[in-house]
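Presented below is the structure to which this report refers.
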Amino acid sequence: MIKNHPLSVAGSLALALLTGIPAATLFAGEPSQKSEYHLKLAAVAVEGTTYADYGYKIKDYIEEKSGGRIRITWYLGAVMGDEPDALRKLRIGQIQGAAFTSVGMATIASESQILNLPFFFRDYDELDYYLEKMLPHFRKVFADNGIVFSRWIDVGFNYWFTSKPIHSLDDVKSMRMWAWTGDRVTNEVNRMAGFQDISIPLTEVLPALQTGLLNAFYGPPYTILALQWYTQVKYLVETPFSYTPATIVFDKKYLDTMPPDLRKIILEACDLYLPPLNLAMRKDNEKAFQGLISWGLKPYRLEENLLKSLQDKTHPVYQKFAGQLYPASVLEESLKIIEEYRSGPGRTPDIRKPASP
């Protein structure tokens, strides 16, 4: 979580996220001692966040277990640029790994965008079941693209934030909804739902809200709080409509230069610390959700008929991108896994809002 009260420090986090200009001590200094292997890792997350805290836990574990043979340096606060920039630097060997959200992940393997499909997951238990089942598959997909995929990290479930409540499809049509430039899935979902699709970079969202170019956007509560976008709208839809994943990846060529015992330590660290990071982030998102309401956002639920209509209108996006972003066979397998979970005994999730961990 962000240290101290989240609303009081959101501005500094947002500045680092939006500009890439680090505040003091936004990345870990490089120790003077020599090591056999030096992994430089990039992330958008800044000091004081749960992501950074667990990044340091991973760093400490790897350095201790390797007996100092591996050294880790985290470059936080987007000092290596945004995710496409960081990926380019990883490809040329300037860094050896990075923490990526769905934007960076999709640049490596578009297949990962299947996780961004609307109304795909209903709660965290269902999500965890799916992600664990598909982990070997995605590790292979990333490996085929020269990247070692560690484990999944939560950014969180995405909610719609609006300037006025949505009670009908006419209200939907009046919403100028943001989509991140290059996010083909969200672009198409916006159009299918009936929103006015406004595709701009993340760095331009706050000014666009201030000028009226946008009057609606989406995101996990923790992220929206940090970016301060919540100051430009009045309403929060309680129904999550999609999920945003993240991960930590490494340059396969570099890891292949290391002996097996050291490679094992790196992946062990991720296996050890990323699951509890997810639990912490889920709690942080719930706290942020409540914090946004305390600040003044008015939560409301979409009427059942409207929700069903939006689900029906956006569902065709599943098949639209089959064979483009992901193989049709992967979509089929994914839907099978989800149905397998839902048909289990006692599965009665609340589809309106993911339960707190």
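Any residue at all in region 39-47 that is under 28 Å from HIS137 (Cβ atoms) and either modelled with pLDDT under 90 or in a helix (DSSP H, G or I) (or both)?
So far as region 39-47 goes, yes, one or more of its residues are under 28 Å from HIS137 (Cβ atoms) and either modelled with pLDDT under 90 or in a helix (DSSP H, G or I) (or both).
What residue, among those in region 73-91 that are assigned to a loop (DSSP other than H, G, I, E, B) and more than 15 Å from VAL249 (Cβ to Cβ), is farthest from the chain's Cα centre (by Cα)? Give the derivation first.
Taking region 73-91 first, the residues assigned to a loop (DSSP other than H, G, I, E, B) are 76-82.
If we keep only those that are more than 15 Å from VAL249 (Cβ to Cβ) too, we end up with 76-79, 81-82.
Details: LEU76: 16, GLY77: 16, ALA78: 15, VAL79: 19, GLY81: 17, ASP82: 14 Å.
Across region 73-91, the extreme among qualifying residues is VAL79.
When the residues of region 268-289 are narrowed to those that are within 13 Å of TYR159 (Cβ to Cβ) and not hydrophobic (A, V, I, L, M, F, W, C), which ends up nearest to the chain's Cα centre (by Cα)?
Initially, region 268-289 is screened for residues within 13 Å of TYR159 (Cβ to Cβ), giving 285-286, 288-289.
Checking the rest, the ones that are also not hydrophobic (A, V, I, L, M, F, W, C) come to 285-286.
Values: ASN285: 12, GLU286: 15 Å.
Among those residues, the one meeting the criterion is ASN285.
Determine whether GLY97 is surrounded by fewer than 19 Cβ atoms within 10 Å (Cβ to Cβ) and in contact (Cβ under 8 Å) with a residue 40 or more places away in the chain.
no
Inspection of region 258-274 identifies no residue that is over 30 Å from GLU36 (Cα atoms) and aliphatic (A, V, I, L, M). Residues in region 303-329 that are part of a helix (DSSP H, G or I) and free of Cβ contacts under 8 Å to residues at least 12 places away in the same chain: GLU304, ASN305, LYS308, ASP312, ALA328, SER329. Summed over region 57-69, residues that are among the aliphatic types (A, V, I, L, M) and in contact with an Asp or Glu (Cβ under 6 Å, 6 or more places away or on another chain) total 0. For the structure I just gave you, tell me whether SER112 is in contact with a Ser or Thr (Cβ under 9 Å, 6 or more places away or on another chain) and among the polar types (S, T, N, Q). The answer is yes for SER112. Restricting attention to region 48-68, the residues that are within 16 Å of the chain's Cα centre (by Cα), part of a loop (DSSP other than H, G, I, E, B) and closer than 22 Å to ILE147 by Cβ add up to 0. Would you point out the residue of region 109-151, among those that are in a helix (DSSP H, G or I) and acidic (Asp, Glu), that is surrounded by the fewest Cβ atoms within 10 Å (Cβ to Cβ)? Once the filter is applied, the top-ranked residue is ASP144. Out of PRO240, PRO349, report the one residue that is surrounded by 15 or more Cβ atoms within 10 Å (Cβ to Cβ), within 20 Å of the chain's Cα centre (by Cα) and at pLDDT below 95. Every option except PRO240 fails the conditions.
Within region 198-242, can you find the residues that are in contact with a strand residue (DSSP E or B) (Cβ under 7 Å, 6 or more places away or on another chain) and of a type in the set (S, T, N, Q)? Correct list: SER199, ASN215, THR223, SER242.
For the residues ASP171, ASP197, ASP183, the requirement of being of a type in the set (D, E, K, R), in contact (Cβ under 8 Å) with a residue 40 or more places away in the chain and either over 30 Å from ILE70 (Cβ atoms) or buried (at least 22 other Cβ atoms within 10 Å of the Cβ) (or both) singles out ASP183.
Out of everything in region 152-168 that is polar (S, T, N, Q) and more than 16 Å from the chain's Cα centre (by Cα), what residue ends up being surrounded by the fewest Cβ atoms within 10 Å (Cβ to Cβ)? So that I can check it myself, show each step before the final result.
First, the residues of region 152-168 that are polar (S, T, N, Q): 158, 162-163, 168.
This time we only want the ones that are more than 16 Å from the chain's Cα centre (by Cα), so: 162-163, 168.
Numbers: THR162: 24, SER163: 17, SER168: 13.
The selected residue is SER168.
For region 261-301: of the residues being among the small types (Gly, Ala, Ser) and touching a residue at least 60 places away in the same chain (Cβ under 8 Å), which is surrounded by the fewest Cβ atoms within 10 Å (Cβ to Cβ)? Give the derivation first.
Step one: filter region 261-301 for residues among the small types (Gly, Ala, Ser), giving 269, 280, 288, 291, 294, 296.
Keeping just the survivors that are touching a residue at least 60 places away in the same chain (Cβ under 8 Å) gives 269, 280, 288, 291, 296.
Working: ALA269: 24, ALA280: 17, ALA288: 25, GLY291: 19, GLY296: 9.
This residue is GLY296.
The values are calculated or read from the model by the stated rules, or taken from the named source; none is laboratory data. Keep in mind that what you see is a predicted model, and the values were worked out from it rather than measured. Note that we place each Cβ from the backbone using ideal geometry, even for glycine, and neighbour counts take in every protein chain shown.
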